[in-house]
Amino acid sequence: MTATDSAKAETGKATAEQTTESGSARNGSARTGALHSEQGSTTISDIVVQKIAGLAARNVRGVHDLGGGTARAFGAIRDRIPGASASVGQGVSVEVGETQAAVDLEIVVEYGVAIAELARTIRRSVIAAIEQMTGLEVVEVNINVNDVYIAEDDDPQPAAGTRVQ
C-alpha cells in the first residue's frame with residue numbers, strides 16, 4: 001500500500017467516524033430509511049404528529065393548558081357534554097413533510113414557572129417524542145405563551161349581595 005492509499009484510507013476512516021458521530025448526518029439518513037424502503041413508504045398524517053406533540057407538551061410540569069382563549073373556551077364547553085372527548089391536539093399546529101415536521105404550540109403557563117426554561121423543556125420533550133415515535137426530523141418547535149394560570153382565578157368569588165340580612 002502506497003502513502004497515497006494509506007492517506008485515503010485514513011481520510012475515509014475519519015470521515016466515516018465524523019459521520020457516525022454527527023447526530024444530524026446519522027439521524028437524517030436513519031429517518032429517511034425508516035420511512036422509505038424497497039418494500040414501500042410510510043406516510044405520517046398531520047393529526048398523528050399533532051397529537052404526539054400535544055401529549056408531550058401537556059406532560060411537561062409548568063404547562064397548565066394548551067390553546068388560545070377561544071380554543072380553551074370551546075374545550076370547556078366540550079368537556080361538559082357527556083361522551084365528548086377532550087382534544088389532545090388543541091393549541092397545536094403542525095406541518096409535516098416526507099421526512100421533517102415543524103410544530104407551533106400555544107400554551108398557558110402556571111404562575112411562578114421560569115418561562116425560558118419551560119420552553120426549553122417543552123422543545124426537548126416534543127422533539128424527542130415526535131422523532132422517537134415517527135422517525136421524522138423536527139426542524140422547529142415554536143412556542144407562544146398566551147396566558148399565565150393563577151390558582152386564585154379558579155376560586156369561586158362570594159356572590160355580591162346585600163350587606164345586611
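Report note on the peptides 123-132, 46-55: ranked by the mean count of other C-beta atoms within 10 Å, highest first, their order is 46-55, 123-132. The slack between Ser93 and Glu38, meaning 0.36 nm per residue of separation minus the straight C-alpha distance, is 16.6 nm. Here's the picture: a label point sits 7 Å out from the Cα of Val145 along the beta-carbon direction, and within the stretch 49-70 the residues with their amide nitrogen under 12 Å of it are 62-64.
Under a 5 Å amide H cut-off, with hydrogens placed 1.01 Å from N, Asp147 pairs with Val109 among residues at least 5 apart or on other chains.
Since every read-out is calculated from the coordinates, none of them should be taken as a lab result. None of these values were measured; they are calculated from a predicted model. Quick reminder, even Gly has a Cβ in these numbers, built from the backbone with ideal geometry, and neighbours come from all protein chains shown.
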